[in-house]
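Read the structure below first, then the notes.
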Amino acid sequence: MARLTTGQRCGLVMKFLNGFRNPRVALPLASYGFGQATLDEGWTLLRAVVGETFSVPVRVPPPDPTLLARLDAWENRWLKVAEATLRRHYPDIAERVFLNLSRTTGIEVVASVTTFLDRVEPLADGDEAEKSARALLAERGLTDEVVAEAKRSSRRSGRSRRRRCRRWIGRRSRRPRPPCGRGTASG
């Protein structure tokens, strides 16, 4: 089965939760204990993943292609090195670091690199095996300086987009959030 992106998974969860508006779906599952509390929990978990506020303009300014190209090159080089090294020497750690993570292109590269860094950096403060794995990655060239370079590029890519979005949003008046998707079967 093909791997799904987070957005695709969220879409499937939303379809699943919205399906409970149909009695033909809700009644059979109710006999297995699925009720309003479970439905509310599903909406709460989905909102925790995607957020509740609309905080970006309809047309998001395009990211800086130079930064994306730099991050993409970094990702293509270092994810290969890290994956080969960890899979060979620390397969359990490799499984955690690369869980649902793959090389990407475009704006998704920012999320991919950020996720990778968020998983690799804590290895230095982990148990002995994790510390050894991080040290081996440093020997292979994935040093703290190389990691810092990727973090700077990733932050710069996100920062320029956030600034432009804040300016756009600042021109709009604040409106109350729409009452949709509040976790009830009626709406």
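Readers should treat all values here as calculations from the given coordinates under stated rules, not as data from a laboratory. Please read these numbers as outputs of a predicted model, since none were measured by experiment. We place every Cβ from the backbone using ideal geometry, glycine too, and count neighbours over all the protein chains shown.
Highest-first packing order for the peptide set 104-111, 119-126 is 104-111, 119-126, based on the mean count of other beta carbon atoms within 10 Å. How many percent of the alpha carbon pairs in the range 31-157 exceed a separation of 17 Å? Percent of Cα pairs beyond 17 Å in the range 31-157: 65.
A simple spin-label model places the labels of L27 and L12 2.8 nm from each other, with each point 7 Å out along Cα-to-Cβ. The listed peptides 11-18, 133-140, ordered by packing as a protection proxy, come out as 133-140, 11-18 (highest mean of other Cβ atoms within 10 Å first).
Peptides 71-82, 91-102 ranked from most to least packed, by the mean per-residue count of other Cβ atoms within 10 Å: 71-82, 91-102.
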